[in-house]
1. Sum -39500 (n - 2.57) across every DSSP H segment of at least 4 residues in the chain, then divide by the residue count to get the 222 nm mean residue ellipticity, nearest 500.
2. When the chain is treated as a GNM, springs tying every alpha-carbon pair under 10 Å, which of Pro140, Pro16, Pro68 comes out with the largest mean-square fluctuation?
3. Where the centre of each part is set by its Cα atoms, how far does the range 122-180 sit from the range 52-79, in angstrom?
4. Quick check for me: using +1 on Lys/Arg Cβ and -1 on Asp/Glu Cβ, what's the dipole size of the chain about its Cα centre, in debye to the nearest 20?
5. Under the definition of Cα pairs under 8 Å and six or more residues apart, what whole-number percent is the relative contact order of the range 78-180?
6. Could you order peptides 33-41, 115-123 by the average number of other Cβ atoms within 10 Å of their residues, highest first?
7. Using a cut-off of under 14 Å, list every residue of the range 90-134 whose amide N is near the label point 7 Å from the Cα of Lys64 along the Cα-to-beta-carbon line.
8. Report the convex hull volume per residue for the chain, counting only C-alpha atoms, in Å³.
Amino acid sequence: MRLDSYTLGTYTPGAPYWKQLVWYFIGSPLVESYWLPISALKIWILRCFGAQIGRGVRVKPGVKVKFPWRLTVGDYVWLGEDTWIDNLAPVTIESHVCLSQGVYLCTGNHDWNHPNFQLITAPIHIQEGSWIAAKSIIGPGVTVGRGAVLTLGGVTGRSLDPMIIYAGNPAQPIKKRLNS
């Protein structure tokens, strides 16, 4: 591959450059801050930058969001400490979802077969009642079905079926979830 020939191609961050700079230097540090542990203020900041966020959402210290204008969060969602929403593409988190500590949502990757390491992006959609356990990773284009669980340290690059518990790397189904 030739990284000296890399370009973004047709990709765009989805906001004017001034908005990206203000987010990078002011908004993001405030949302990520451990000195500012108040969810309501962090949610207000995210909304100011275009995030759509429902009622009763909890944002813990250390949460990173690449582009809030590409984030939709339902009601009563928990975003655990050090969660990283790397949303080059849209991320939708429906109501009553828990993202535990250190979860990484990655909406972009590169084509290792392309000579210029072309950027590839795809959205992530986490449906209602799902739990993504601590230190788990979800890749581009994944839909997590309603009520699914990805256990501690699980990694998935493929969609997860509803009401199934998954574990491992790559995540494999281990049993049905009996309640939601």
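1. -3000 deg cm²/dmol
2. Pro16
3. Centre-to-centre distance over Cα atoms comes out at 18 Å.
4. 280
5. It comes to 20 percent, rounded to a whole number.
6. Result, highest mean Cβ count within 10 Å first: 115-123, 33-41.
7. In the range 90-134, the label zone of Lys64 (backbone N under 14 Å from the point 7 Å along Cα→Cβ) covers 102-108.
8. Normalising the Cα hull of the chain by residue number yields 112 Å³.
Each value in this text was obtained by applying a stated rule to the coordinates, not by laboratory testing. Bear in mind the structure is a predicted one, so any value in this text is a computation, not a measurement. So basically every Cβ, Gly included, is an ideal-geometry build from the backbone, and we count neighbours across all protein chains shown.
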